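Since the structure comes first, as structure tokens, the remarks are kept for the end.
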Amino acid sequence: MSIGKLIFNFLIYPGFIFVLLVGGIASFLERKITARIQWRVGPPFLQPFYDLLKLFFVKETVIPEGVNIPFFILVPVIAFSSAVLTSVLITNIFIKSFQGFTADLIVIVYLFTIPSLCVIFAGAVSKNPLSSLGSSREMKLILSYELVFWTSLSIVIIKTGGKITLRDILTFQENSKPIVFSLSGFIAFILSLIVMQAKLGKVPFDISEAEQELIAGPYIEYSGALLGFFKVTHYILLFSLPAFISVLFLGGLNIFKYLLLLIFIIVFENTNPRLKITQAIRFFWFYLFPLGIIGIILAVKGL
Amino acid sequence: MKEKIKERLRERIVKWEEKSKRRFYIQIKKEDLKEVVKILFRDFGFRFCTATGVDNIKNFEVIYHFSDDRTGILYNLRVFTDREKPSLPTITDIIKGAKWIEREIHELFGIGFEGNSDLRRLLLDESWPEGVYPLRKDYEYGRREELPDSLTCSISEGVKEGRTVIPIGPYHPLQEEPEFFELEVFGEKVIGININIGYNHRGIEKLSEGKHWDQVTFLVERICGICSTSHPFAYVLAVEDLLNLEIPERAKYIRSIIGELERIHSHLLWLGLAGHFLGYNTVWMWAWKTREVILDICEQISGNRNHYAMMKIGGVRRDILNSEVDGIKSKLNSIISALNLFKKAVEDDPVIHARTKNVGVLTKEEAINYCVVGPTARPSGISTDIRKIDIKNSAYPLIEFDVPVLNNGDVYDKIVVRVLEMYESVKIINQCLDRLKDLKEGDICEEVREIPPGEGIGRYEAPRGEVFHYVRSDGGNTPTRHKIRAPSYMNVLSNEVSAVGGTVSDAAITLAAVDPCYCCTERIQAVEFNKVKYRWDDLIKLSQEKTKKIRKRLRE
Amino acid sequence: MNKLKILTKSIWVFHFASGPCNNCDIEILDILTPRFDVERFGIKLVGSIKHADCLLITGMLTRKGVVRLKEIYEMAPKPIAVVCFGSCASSQGIFKNSYNRAVPVDEVIPVSAYIPGCPPRPEAIIDGIVKVVKKLRGEI
């Protein structure tokens, strides 16, 4: 396998550019469908890309007084690069001849946590009471959903008999049936869907950036290209998270499965008001976590 | 009741005037003020409306307005104080709701209140020169104070270290107007709140003194865009009270129609915003979509989507054609299905329940103490509605409607009250439109040539509660004093109790639940995204330095 | 290609109210709602001035507001279009004799466009935005 092909795989297809395009289109779909639910027309097709171009090439980047400048600039860049890395790792498992590093669950889940951590850092470094409150909320939110996420993943590991690389899990599902078609697998799938909503920061879990309470939460002081990096991260996550869930539970990824998950995200977002942080923690720990434990027990029993 | 009061107050009464059947003016000595206020407020259970300061040139006069909500009679205590060293005893220890009123009179008239330690500025900024009182008669109309060159944003002092202050406002997306709430928080819990208004102060009371009686209706319309017919309504009622005038029946119905249309559009607007504040944008869009229908009817009647300019002293400015009545009715009734949808959503949605039930509770005692009005008082079990008791020149005494009252005082009840009120409004408009058909077109206004000397009070139940207007005439072309008290002025202050103790997320919806209308509050008055550039101690330092600077400049 | 052309495809608006009567502010929110829906043009309301491309000012400038306005304008990432919204912001309107007035907006910061009206009708607002867009593109 040539270096050229490797670079092509990483940067163009199914790497960075591809993921960015899909993420952008997903973001457009999200806004468009939201608009239709609300009896509006909605934005034009290229809107997410216009937003990005504007942030990167037209707007000035303002760095507030008194912040730690290297840190302030690094945080969005790290968030962005970890998001790209995750998505590349996920998409590359579909290339049979791919020789590079094949990801396992643990690496990917850690990489998924980094953008959220960056949001915390962003809020903390901004020196603004609203953004620091936002980052403290994000911290609580991570603490509440990560546990549930791991429970849900362990069900998958138990079901596949201890496999942790994505390709193995995929092959397992191709040989038998997708994990979702079993009782414990279904529970794990539901848990993952809710965690996905929280990881994406969508209503009802957009607690950290609650516009009406905290303006934009951790992002409040970011402008221009740095805000652009956060936007791109967001678009990419909008692709890679559903893709990840789809690989784990639905036995692979194709456009229908992806759209199904996306529509779920959008409908969930538009039919619920925002929760309070205390309610969110209670919801994850006292309702979803016990459900996850039941799922694990069922999975061990082989159901 | 009148005899009872006379009996209780006896020799304390200096003069007892009855301007009309429902307006009693009681002149008392200022030494007796506290005693009399206690009797009226505690023993008789009257609601304190507001206090009006008047500059009579030879002396100052302050009128304390008390309302008996069972009969709709207004008892007005009149006290005088000399001009050299004006001061009155404070009543804030008896009535908490008087806090802002005393601060306002202090800064705009320079009248001191003995025993009130909190006489900080309310509406004017810190750079406003000391000793200049804009509502006194020697302050010329149209005068403007120069702004100092360098100004910094300052935040009030008095917060202990180790606590965070969350500024909500003055320019914050929570409210579309500038208002500044500082939430003192410990983690996520709100432990204190400081309400800082004045970003929207426009000096309408003073402006009104420079406008012709008829022009004032347009001015008061611009106090607030959402209650843009309630203020003119109360104002014309006040002038008609002064004139003792009865207007044609057709005008009465038209007044009520436009007033109720405004109530529906205002409640829908609030419902949408409340959804928006809870992060429920779908509710926002749907409610505002329904609201467009009401705005269309308003446009059909008055020619404008907002600012209807329908009120006029002696009647209304425009007629509703009988041929258009049926069209209006069918349009109006088309919103019923949308209202049913909202009602069902509020009743059934578990997340709305979780976010609003037992949140921001205002108990009945506190509600009485803070003198709250309208849909902020009614969920707390206080059944006051000005429409039932004291609106002479309107259709309300002639038709049937109910006033929904609930008992929990939380945000949920505040939502329910407003939704139920919309049904009542639709009922009222339908009845009025039916009666219009039987009346002759064109008979909509009594001619008023001049306004004799005297004083009058008009009240109207605006979407947010009681609007209170007091006017005084010396027989000239303009009012000599025009006092305006909007409902939010009383309601916003109650956040002091209802927002404290909850979390920041609760605070947002609680602050919004009184349907705050700062434009009204400062009549003369909106929230900003406020950036705090400095750390807390730096801010205090800066603020102190600035005070020093200003003092120094003043000495020079 | 003119960089500003991209800006006109995605205008994020920050709304600054200083002593309005509220009606302008309501009408601004109103054009986001189903009947007028300006998201069609990529226009969005944002809460932080750091994200804004357009600063909408409503109401006559009060003494407390003028300081904030200056500060906010300085904080905003450039390029930014400033629009005076409504009669009061454009000319102080009915409040021109108020004791609490500061100075007209255009004496504090540079203004790109005025949308008069009390309040401007939604159609007028959209027309105003189109003109701002044209100006940014250099067509007017």
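General observations
- Label reach from C:K135 (point 7 Å along Cα→C-beta): in the stretch C:39-73, amide nitrogens under 13 Å belong to C:54-57.
- Three-way shape call for the protein assembly as shown based on the alpha-carbon gyration tensor, with the a/c threshold at 1.5: prolate
- Exceeding the 31 Å Cα-Cα cut-off - candidates B:K364/C:K64; B:K96/B:K289; B:K29/B:K96: B:K364/C:K64; B:K96/B:K289
- Charge dipole magnitude, Cβ of K and R +1, D and E -1 - the protein assembly as shown, Cα centre, debye nearest 20: 1400
- A Stokes-Einstein calculation at 10 °C with viscosity 1.306 mPa s, built on the Kirkwood radius of the stretch A:3-301 over Cα pairs, returns a diffusion coefficient of 80 µm²/s.
- B:N322/A:I3 FRET efficiency (R0 56 Å; Cβ-Cβ; nearest 0.05): 0.05
- Within the stretch B:432-462, the GluC sites (Glu not before Pro) that combine a DSSP coil assignment with at most 13 other C-beta atoms in a 10 angstrom radius are B:E441, B:E447, B:E450.
- In this structure, the pairs whose alpha-carbon distance is over 25 Å, taken from B:K85/B:K483; B:K21/B:K483; B:K19/B:K414; A:K276/B:K414; B:K15/B:K312; B:K2/B:K85, are B:K19/B:K414; B:K15/B:K312; B:K2/B:K85.
- Peptide B:215-227 shows a mean partner chain C-beta count of 3 within 10 Å per residue C-beta.
- For the stretch B:2-114, the orientation-averaged shadow of the C-alpha convex hull comes to 6.8 nm² (one quarter of the hull surface).
- Full extension of the chain between B:I94 and B:R120 yields a length gain of 7.4 nm, computed as 0.36 nm times the residue separation minus the alpha carbon distance.
- Phi-based couplings in Hz for the stretch C:37-50 (Karplus 6.51, -1.76, 1.60; Gly and Pro marked x): 6, 7, 5, 3, 9, x, 8, 9, 8, 10, x, 10, 4, 5
- Shape call, the stretch C:1-109: gyration tensor on alpha carbons, a/c limit 1.5: oblate
- Taking packing as the residue-averaged number of other Cβ atoms within 10 angstrom, the listed peptides B:410-421, A:105-116 run from highest to lowest as B:410-421, A:105-116.
- Between A:I294 and C:D127, the modelled labels are 6.2 nm apart [label points 7 Å from Cα along Cα→Cβ].
- Taking amide H atoms as placed 1.01 Å from N in the peptide plane, the amide H of B:G112 lies under 5 Å from those of B:S87, B:L88, each 5 or more residues away in sequence or on another chain.
- Taking the DSSP bridge list for the protein assembly as shown and keeping only pairs wholly inside it, about 70 percent are antiparallel.
- Taking a ≥ b ≥ c as the square roots of the eigenvalues of the Cα gyration tensor, the stretch B:219-289 is classed as prolate, since a/c reaches at least 1.5 and a/b is larger than b/c.
- Couplings 3J(HN,Hα) of the stretch A:239-247, computed from phi: 8, 6, 5, x, 4, 4, 4, 5, 4 Hz, in residue order, whole Hz [Karplus 6.51 cos²θ - 1.76 cosθ + 1.60, θ = phi - 60°; x for Gly and Pro].
- Largest-first ellipsoid semi-axes for the stretch B:347-389, taking √(5λ) over the Cα gyration tensor eigenvalues, angstrom: 24, 14, 6
- Gained length - B:Y141 relative to B:R449, 0.36 nm times residue gap less alpha-carbon distance: 108.4 nm
- Scanning residues 5 or more positions from C:D53 or on other chains, those with amide H under 5 Å from its amide H are C:W12, C:V13, C:F14, with H placed 1.01 Å from N in the peptide plane.
- Peptide B:111-121 - average C-beta neighbours from other chains (10 Å radius): 0
- Shielding by other protein chains, B:201-210, mean Cβ within 10 Å: 5
- Remark: spin-label model distance A:I255-B:E17 equals 8.2 nm, labels positioned 7 Å along the Cα→Cβ axis.
Read the figures in this text as sums done on the coordinates, not as results from a lab. Remember, it's a predicted structure, so these values are computed and weren't measured experimentally. When we count neighbours, we look across all protein chains shown, and the Cβ atoms used for this are built from the backbone with ideal geometry, even at glycine.
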